[in-house]
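**Student:** The structure is given below, and queries will be raised subsequently.
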């Protein structure tokens, strides 16, 4: 069984992708190689989804949803810091643009798509409003603290925190994230377990036997390899992305949007798959957990990195972005409070994502 397991493409693709990463790192890539790297990037994304689901199936909910969210966020931080080191002044707002894009993609894209898929298959998508509402409130609080307040503080000119304010925001964001994880995995774990449309709580996956410990450990290692390949290859093709963005006359913020789209693709696929199996709560755990981890882990890590990085760290959102964030919070609150959603709510969130993407490219 182990030999058959190791013969799957999901094992070889991450290894090949890492080999390609080593061969292409730091080099100018011609268009054919960019296309090949893009194909390996897509394969590594699909492999990451598979291995994350294996680990999630072994450990069960809600722990499984945390695995991919935390792993992706750690790699996202590494990518942001790497690009900030090599990009100079034009990357001063990269952390803000990437984190805000991740919040909009998760709260509108992943959440909306999951609700839409679940409602289309079963007319109504059912989830636990207590757990989902608490998670959504935490995301809104951390996002406002880290991305909105810098535009209104007066200690520094421009949308940035002073060192003391940045340290406080980092500690507060990390503290809120750890508090949420404690509530999700210990004190109120039942609030985050999947609920079927019929109202049945699912504590274990019933459609298949869980993988063995050895298979889960192998998948965990391959998940990390795949995620490293995803972010590393994304960085390899980032010069081509930046050139294309500049040639199209679009703002630099689009680069942060592209990074967030690439990094969050594994979670998006995993969330949609869970929605097709009537595990809407699992999908929402992925969406909200990713948004929370993206801010709660990224901001503290960037705050530490600023000890060595030169230049200001621009975190405060502009007026248009703040309006979109406020609208997302208002609509999301109305979505999660009832604990039930239909295609309308899913469509509204996807519409908000479309507005964000359009305005990011054409502010």
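**Student:** Tell me, yes or no, whether region 158-166 has at least one residue that is within 23 Å of the chain's Cα centre (by Cα), in a helix (DSSP H, G or I) and under 20 Å from residue 286 (Cα atoms).
**Tutor:** Keep residues of region 158-166 that are within 23 Å of the chain's Cα centre (by Cα), which gives 166.
Next, only the ones that are in a helix (DSSP H, G or I) stay: 166.
When the remaining residues are screened for being under 20 Å from residue 286 (Cα atoms), the result is none.
Looking for residues that are within 23 Å of the chain's Cα centre (by Cα), in a helix (DSSP H, G or I) and under 20 Å from residue 286 (Cα atoms), one finds none in region 158-166, hence no.
**Student:** Report, by residue number, each residue of region 114-158 that is over 25 Å from residue 190 (Cα atoms) and out of contact with any helix residue (DSSP H, G or I) (no Cβ under 7 Å at 6 or more places or on another chain).
**Tutor:** Once the filter is applied, which keeps residues that are over 25 Å from residue 190 (Cα atoms) and out of contact with any helix residue (DSSP H, G or I) (no Cβ under 7 Å at 6 or more places or on another chain), region 114-158 yields 144, 149, 150, 151, 152, 154, 156, 157, 158.
**Student:** Taking the criterion of being under 22 Å from residue 56 (Cβ atoms) and touching a residue at least 24 places away in the same chain (Cβ under 8 Å), would at least one residue in region 152-170 satisfy it? Give the steps one after another, and end with the answer.
**Tutor:** Here is the first cut: in region 152-170, the residues under 22 Å from residue 56 (Cβ atoms) are none.
No, region 152-170 has no match at all.
**Student:** Right, next: Which of the residues spanning region 324-339 are surrounded by fewer than 16 Cβ atoms within 10 Å (Cβ to Cβ) and within 26 Å of residue 167 (Cα to Cα)?
**Tutor:** 326
**Student:** Condition first: crowded, with 24+ Cβ neighbours inside 10 Å and either touching a strand residue (DSSP E or B) at 6+ places or on another chain (Cβ under 8 Å) or outside any helix (DSSP H, G or I) (or both). Now tell me which residues in region 118-134 satisfy that. Full working, then the answer.
**Tutor:** Residues of region 118-134 crowded, with 24+ Cβ neighbours inside 10 Å: 118, 125, 127, 131-132.
118, 125, 127 - these are the residues of region 118-134 that are crowded, with 24+ Cβ neighbours inside 10 Å and either touching a strand residue (DSSP E or B) at 6+ places or on another chain (Cβ under 8 Å) or outside any helix (DSSP H, G or I) (or both).
**Student:** Follow-up question, since we're still on this one. Return a yes/no flag: does region 264-275 have any residue that is more than 12 Å from the chain's Cα centre (by Cα), surrounded by 20 or more Cβ atoms within 10 Å (Cβ to Cβ) and modelled with pLDDT of 85 or more. If you could, list the steps in order and put the result at the bottom.
**Tutor:** Residues of region 264-275 more than 12 Å from the chain's Cα centre (by Cα): 272-275.
Within this subset, residues satisfying the condition of being surrounded by 20 or more Cβ atoms within 10 Å (Cβ to Cβ) are 274-275.
Still in the list and also modelled with pLDDT of 85 or more: 274-275.
Yes, that holds for at least one residue.
**Student:** Now for a different question. So, residue 284, is that one surrounded by 24 or more Cβ atoms within 10 Å (Cβ to Cβ) and over 22 Å from residue 25 (Cα atoms) or not? Can you show your working first?
**Tutor:** Details: surrounded by 24 or more Cβ atoms within 10 Å (Cβ to Cβ): yes; over 22 Å from residue 25 (Cα atoms): yes.
The answer is yes for residue 284.
Table: residues versus (1) touching a helix residue (DSSP H, G or I) at 6+ places or on another chain (Cβ under 6 Å); (2) more than 18 Å from residue 228 (Cβ to Cβ); (3) in a helix (DSSP H, G or I).
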position	(1), (2), (3)
17	yes, no, yes
32	no, yes, yes
38	no, no, yes
41	yes, no, yes
46	no, no, yes
54	yes, no, yes
58	yes, yes, yes
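**Student:** Somewhere in region 166-183, is a residue loosely packed, with under 14 Cβ neighbours inside 10 Å and at pLDDT below 80? Reasoning before the result, please.
**Tutor:** Taking region 166-183 and keeping what is loosely packed, with under 14 Cβ neighbours inside 10 Å, we get 171, 175, 178-179, 182.
From what is left, the residues that are at pLDDT below 80 are none.
Taking every residue of region 166-183 in turn, none turns out to be loosely packed, with under 14 Cβ neighbours inside 10 Å and at pLDDT below 80.
**Student:** From the list 107, 147, 115, which one is in contact with a strand residue (DSSP E or B) (Cβ under 6 Å, 6 or more places away or on another chain), closer than 30 Å to residue 344 by Cα and modelled with pLDDT of 90 or more?
**Tutor:** On the way: 107 fails: in contact with a strand residue (DSSP E or B) (Cβ under 6 Å, 6 or more places away or on another chain); 147 fails: in contact with a strand residue (DSSP E or B) (Cβ under 6 Å, 6 or more places away or on another chain).
After ruling out the rest, the residue left standing is 115.
**Student:** With at pLDDT 90 or above and either farther than 25 Å from residue 180 by Cβ or in contact with a strand residue (DSSP E or B) (Cβ under 6 Å, 6 or more places away or on another chain) (or both) as the only criterion, which of 331, 336, 323 stands out?
**Tutor:** Values: 331 fails: either farther than 25 Å from residue 180 by Cβ or in contact with a strand residue (DSSP E or B) (Cβ under 6 Å, 6 or more places away or on another chain) (or both); 336 fails: either farther than 25 Å from residue 180 by Cβ or in contact with a strand residue (DSSP E or B) (Cβ under 6 Å, 6 or more places away or on another chain) (or both).
Result: 323 is the single residue among 331, 336, 323 that is at pLDDT 90 or above and either farther than 25 Å from residue 180 by Cβ or in contact with a strand residue (DSSP E or B) (Cβ under 6 Å, 6 or more places away or on another chain) (or both).
The values are calculated or read from the model by the stated rules, or taken from the named source; none is laboratory data. Keep in mind the model is a prediction, meaning the values are calculated, not measured. Using ideal geometry, Cβ is built from the backbone for each residue, glycine included, and neighbour counts are taken over all protein chains shown.
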